[in-house]
Amino acid sequence: MSTATTYRTCPRSGLQFEYQAEWLIKANAFVGVVWLLIGGLLAIGVVLTRWPAVHWLQAQTFYMVLTAHGLDMLIFWIIFFEIAVLYFCASTLLRCRIATPRIAWLAFALMLIGSVVNNIAVFRGASSVMMTSYVPMMAEPNFYLGLIVFAVGALIACFVFFGTLVVAKNEKTYEGSVPLVTFGAITAAIIAVFTLVSGAIILIPTWLKSMGVIDQVDPLAYRTIWWALGHSSQQINVAAHISVWYLVAAIAFGAKPMSERVSRTAFLLYILFLQLASAHHLLADPGLSTGWKVLNTSYFMYFAVLASMIHGLTIPGAMEVAQRQKGYTKGLFEWLRKAPWGNPTFSGVFIAIIGFGFLGGISGVMMGTEQLNMIIHNTIYVPGHFHATVVIGTTLTFMALTYYLIPVLFRREMIAPKLAQWQPYLFGFSMYFFALVMMGAGTLGVSRRHWDMAFQGHALAYEWPGAAYLMMGLVGIGGMAAIAGGAIFIYVTVGSLLWGKRLDRGAESPRFTPVPRAAPTVVAQTYGSAGFAAPGTFMLAMVFLVAFVLYYFINWKYLSTVWGLS
Amino acid sequence: MSAILPPTERLWYKHPIDRVEGTWIAIALTWCLIMFFMMIGWHIWGKQNLSTETYRTTPEQYTAKAQAVVDKWTVRTETDQKIPVVAPPPGSDVFIVARLWSFWPILELEKGKSYRLHLTSMDYNHGFSLQPVNINIQVVPGFEHVVTVTPNQSGTYSIVCNEFCGIGHHQMVGRLYVK
């Protein structure tokens, strides 16, 4: 049983897009990019205010702008784009029509309405409660209502994704197991369901409280459940952008996963353990037992960290194996030197992998350690960390994917390809710098979400060391450079949609062409050295491990010098 | 392009593992377990562990207890607002009241001595950020958190609020002395 629709085969990539799915992917990705643009404009206000020498916005405006920046970037930009990725991984990769396209459009409409309602509430000025909106501090009812409507929309979209998988299975568009990238997307969607339901569980009573229907939401219960939304939503990103990394490795190199078993098991570990990570936001809280904190914040003995360390090896490893098969076998790193560094889809992803691992990963594990958390909790180290994970990891990856999608999905020749070539370097490396100096300032204790580090006019003002001011100045410079990189991205992508040369639609057919099976696995033992298929990647992994171990113990050393606490 | 195609082997969980992956998984797992046991080990051998002693409280109950300590042990007042400087004997219970937008009172502790420090908020969430030591603890309304602290250096310390608590957040800063 199949419904009337058409499938077009992209002449460049060979990908097959179903009519409804194509429009849904475009719409979700486009609205995502609009939120990125808005969030990026707001970032200018945040950065130029926290740069002590500039200190641009008034306090009230600053807190409002910061609230909107957090929501628009962390929730709206990323989740809209992720829904596009989910539809792509189900419908396009499996060459299947989208299940219930009308309901998918309803989901899109709800997400759009929810995000706009939420933003209107924020910009009215009475809802500057930050993204976390900890009770009993209250925002306007529409602030919560917008988020709830958005979450319901996203939840419906996840179920359309699951439905599409069922359709593909029933209509036999593919044989055997789903591709690895789709498998990763399923992981993301399962985590998304957990996340969005948690959000609804706590935001609905908070919304009722904001209207005076109920009088109390327990502050600690709020924090505990809210973080199952707040942190776990970042785990959707991890699963989604790692899927995209595998996708780009396949597109740019024709790379196969080194081992389907390893990569898929690593995704399964995410489902089982990643959600527990939300507990590390509560390490400095009263009322929770030490055992609970240790077990949960270690993501159950760090099994989720293990999964990320596995992906961090297998993705560059798969690229290395593919390159070595093409004959780039000299030394440890010829495969990497001869990689397509001029292709922004590849360079963006590679900069994302390295930055996510070295900056985001190591700092994340450090701050998620029960005792070490006390020396960074709520300092600007925290945004330093998550700009490394979310901006360098997720946003840069999605930008890289967008460069690929412009000709393939949007059927436009990219304008300014030279500019696009440089964009991942400018954006990626300025974000590296930005995240590093932010973490530096946080190590000196500088608070996050704080308008005036000088405490002007206060009798008990604390004077931060000069180095803290220096670091915050560098945060300003790095931030502005990254914003310039973001502006180039918007110019190239939106410009291509407006002015790029229209490309051929490609052949259309009323029926899907079944997905072929992959070629049999060749165990690549003949290429590497010392029995290692990917010795260069292994060397990089060792460098990573040494950096990780050193940084981890340096922080314990520092902790051992502070006041005794028990 | 097999990451975007169904795997050839019907049973992906029987796909062979490459040696480089096997080695890395063993190393990474070992490191993960070391990190896990490090946290537990620090509870046994380390000196910086956050207490979890917590009681439910109300602003009235808590203020009464804090006021009693202030009445008994105030040694002087500081600033135009006459914030009391309180110096209770070592080992005793000391209280900090966090509210919009101040920490009250100013404590004066002795180096090398332990105190039971009580923290709570009268209204919103606040952050207890002790500078320049950089110890950070969340302060949640309705919950009285008791932490035993042992200052190891004398000097003047500041308590900065590092949890956003509204428009006066950046004016919320207190002080603490160690003799």
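Counting only other chains, what is the mean number of Cβ atoms within 10 angstrom of the Cβ of each residue in peptide A:278-286? Kindly include the intermediate steps, with their values, before the conclusion.
Working: counts 0, 0, 0, 1, 2, 4, 12, 10, 18.
Mean number of neighbouring Cβ atoms from other chains: 5.
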At 7 Å along Cα-to-Cβ for each site, give me the label-to-label distance between A:Arg502 and A:Tyr19 in nm. 1.8 nm
Output the direction-averaged projected area (hull surface divided by four) of the convex hull of the alpha-carbon atoms of chain A, in nm². 26.8 nm²
Report the extension gain between A:Val494 and A:Tyr425 in nm, rounded to one decimal, defined as 0.36 nm multiplied by the number of residues separating them, less their alpha carbon distance. 22.9 nm
Over the range A:379-507 - Rg/Rh using Cα atoms and the Kirkwood inverse-distance radius: 1.17
Pull out the extension gain between A:Val54 and A:Met539, defined as 0.36 nm times the separation in residues minus the alpha carbon to alpha carbon distance; nm, one decimal. 170.3 nm
Quick one: net charge around A:His458, please, counting Lys, Arg +1 and Asp, Glu -1 for every other residue with C-beta under 14 Å from its C-beta. -3
Using each residue's phi in the range A:536-551, evaluate 6.51 cos²θ - 1.76 cosθ + 1.60 at θ = phi - 60° and report the 3J(HN,Hα) Karplus result to the nearest Hz, with x for Gly and Pro. x, 5, 4, 4, 4, 5, 5, 4, 4, 4, 4, 4, 4, 4, 4, 5
Under 5 Å between amide hydrogens, which residues at least 5 positions from B:Gln48 or on another chain qualify, with H placed 1.01 Å from N in the peptide plane? A:Leu565
Rounded to one decimal in nm, the spacing of the 7 Å Cα→Cβ label points at B:Lys65 and B:Trp45 is 3.5 nm
Which listed pairs, of A:Lys256/A:Lys338; A:Lys172/A:Lys501; A:Lys209/B:Lys82; A:Lys256/A:Lys293, have C-alpha distances above 27 Å, in listed order: A:Lys172/A:Lys501; A:Lys209/B:Lys82; A:Lys256/A:Lys293
I need the phi-derived Karplus couplings for the range A:125-133: 6.51 cos²θ - 1.76 cosθ + 1.60, θ = phi - 60°, integer Hz, Gly and Pro marked x. x, 9, 10, 7, 10, 6, 4, 6, 6
For A:Ser347, net neighbour charge (Lys/Arg +1, Asp/Glu -1) across residues whose Cβ lies under 14 Å away: +3
Step through the residues of the range A:345-355 one at a time and calculate ³J(HN,Hα) from phi using the Karplus curve (6.51 cos²θ - 1.76 cosθ + 1.60, θ = phi - 60°), rounding each to whole Hz and writing x for Gly and Pro. 5, 6, 4, x, 5, 5, 4, 5, 4, 5, x
Tell me, what is the percent relative contact order of the range A:353-482, built from C-alpha pairs under 8 Å that lie six or more residues apart? 32 percent
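About the Cα centre of the protein assembly as shown, what is the dipole size in debye to 20, counting +1 per Lys and Arg Cβ and -1 per Asp and Glu Cβ, all else neutral? All intermediate terms of the calculation are to be shown ahead of the outcome.
Numbers: 47 positive and 33 negative charges, 348 e Å.
About 1680 debye.
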Take peptide B:145-158, look around each residue's Cβ out to 10 angstrom, count Cβ atoms belonging to other protein chains, and average those counts. 3
Selection from A:Met539, A:Ile225, A:Trp563, by position along the positive dipole direction of chain A (Cβ): A:Met539
Give the lysines reachable from B:Lys111 as a straight Cα distance under 23 Å; neighbours fewer than 8 places away on the same chain don't count. A:Lys557, B:Lys47, B:Lys72, B:Lys179
Protection proxy ranking of B:39-46, A:137-144 - average other beta-carbon atoms within 10 Å, highest first: A:137-144, B:39-46
Name the long-range amide H neighbours of A:Leu15: under 5 Å, sequence gap of 5 or more, or other chain; modelled H, no Pro or chain starts. A:Cys10
Under 18 Å from a point placed 7 Å out from the Cα of B:Leu11 along the Cα-to-Cβ direction: which residues of the range A:161-201 have their backbone N that close? A:176-178
I need the Kirkwood Rh of the range B:41-179: take the reciprocal of the average 1/r across all distinct C-alpha pairs and report it in angstrom. 15.2 Å
Have a look at B:Ile106, B:Ile159, B:Ile27 and tell me which one the Gaussian network model of chain B (Cα, springs below 10 Å) gives the largest fluctuation. B:Ile27
The relative contact order of chain A, taking Cα pairs under 8 Å that sit 6 or more residues apart, comes to a percentage of 17 percent
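Rounded to the nearest 500, what is the 222 nm mean residue ellipticity of chain B from helices alone, with -39500 (n - 2.57) per DSSP H run of 4+ residues and division by all residues? Don't skip to the end; give the middle numbers.
Values: 2 runs with 42 residues, N = 179.
Using -39500 (n - 2.57) per qualifying helix, the result is -8000 deg cm²/dmol.
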Using only the alpha carbons of the range A:294-445, determine the length spanned along each of the three principal axes and report them from longest to shortest in whole angstroms. 49, 33, 29
Which of A:Gly291, A:Gly361, A:Leu336 sits farthest toward the positive end of the charge dipole of the range A:291-423, with +1 on the Cβ of Lys and Arg and -1 on the Cβ of Asp and Glu? A:Leu336
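What percent antiparallel are the DSSP beta bridges of the range B:32-136, to the nearest 5? Spell out each step's value before the answer.
Values: 9 of 17 bridges.
Beta bridges within the range B:32-136, antiparallel portion: roughly 55 percent.
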Under 5 Å between amide H atoms, partner at least 5 residues away or on a different chain: which partners does B:Ile135 have, H built in plane at 1.01 Å? B:Leu130
With r defined as the distance between the Cβ atoms of A:Lys169 and A:Tyr551 and R0 fixed at 51 Å, what FRET efficiency is calculated, to the nearest 0.05? 0.65
Once you average over the residues of A:173-182, how many Cβ atoms of partner chains fall within 10 Å of each Cβ? 5
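So for each of A:476-482, A:236-242 I average, over its residues, the number of other beta carbons within 10 Å; can you give me the resulting order with the highest mean first?
Values: A:476-482: 20.9, A:236-242: 27.1.
Peptide ranking by packing, descending: A:236-242, A:476-482.
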Of the candidates B:Met172, B:Gly142, B:Pro84, the farthest towards the positive dipole end of the range B:66-178 (Lys/Arg Cβ +1, Asp/Glu Cβ -1, centred on the Cα centre) is B:Pro84
Explain nothing, just the number: relative contact order of chain B, from Cα pairs under 8 Å at least 6 residues apart, as a whole percent. 19 percent
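May I ask you to order A:363-371, A:411-419 by the average number of other C-beta atoms within 10 Å around their residues, highest value first?
On the way: A:363-371: 23.8, A:411-419: 16.6.
Those peptides, ordered most packed to least, come out A:363-371, A:411-419.
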CD proxy at 222 nm, helix term only [per DSSP H run n ≥ 4: -39500 (n - 2.57); per residue of chain A; nearest 500]: -21000 deg cm²/dmol
Can you compute the FRET efficiency between A:Ala487 and A:Val116 using 1/(1 + (r/R0)^6), with r the Cβ-Cβ distance and R0 = 22 Å? Round to the nearest 0.05. 0.45
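Every number here is computed from the coordinates shown, using simple stated rules; none is lab data. Please read all numbers here as calculations on a predicted model, not as lab measurements. Every residue, glycine as well, gets a Cβ built from its backbone with ideal geometry; the counts of neighbours run over all protein chains shown.
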